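What follows draws every value from the coordinates through simple rules; no lab data is involved. Worth saying up front: this structure is predicted, and the values here are computed from it rather than measured. Because the Cβ atoms are built from the backbone with ideal geometry, glycine has one as well, and the counts that use them run over all protein chains shown.
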């Protein structure tokens, strides 16, 4: 497996995390819409269009919630899997760098500050970490 494949594997975690955030934002959007709608109350017969809109918004909100919950379960499992591969590495500095980058989602600049290295050194260490990283 080449470094590009390893990076793509590791980036799955952040992509899934971003998808969950998007679903939760969408859920909030539907909740806000449902709260803004008000059914019309009258003695006159009507098609109930306002009630259907509220019901549709609530259904969309619940769909987003179910999908986000399912993805959160996947995220937890993927996080455990990635961390177990990272923990098999011998060098703790390289482990930490990969955790900062792919689990915590930090930029190389942020990692350089956290680890007290230059940006270039972080890139070199990242390359070393990818070489040492094994998925088996």
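Listing 101, 66, 31 from fewest to most neighbouring C-beta atoms within 10 Å gives 66, 31, 101. Exposure proxy for 135, 115: other Cβ atoms within 10 Å of each Cβ, ordered fewest to most, give 135, 115. This ranking places 127, 136 by how few other beta-carbon atoms lie within 10 Å of each, fewest first, which gives 136, 127.
Here the relative contact order of segment 88-136, from alpha carbon pairs under 8 Å that lie six or more residues apart, stands at 42 percent. Taking 0.36 nm per residue of separation and subtracting the current Cα-Cα distance, fully stretching the chain between residue 128 and residue 15 would add 38.3 nm.
Between residue 53 and residue 67, the simple spin-label model (points 7 angstrom out along Cα→Cβ) gives 2.3 nm. Across the chain, the relative contact order, built from alpha-carbon pairs under 8 Å that are at least six residues apart, equals 28 percent. Gain in length, residue 120 to residue 24, computed as 0.36 nm per residue apart minus the alpha-carbon separation, to one decimal in nm? Using 0.36 nm per residue and subtracting the Cα-Cα distance, I get 30.9 nm. Computed over the Cα atoms of the chain, the ratio of the radius of gyration to the Kirkwood radius (Rg/Rh) comes to 1.26.
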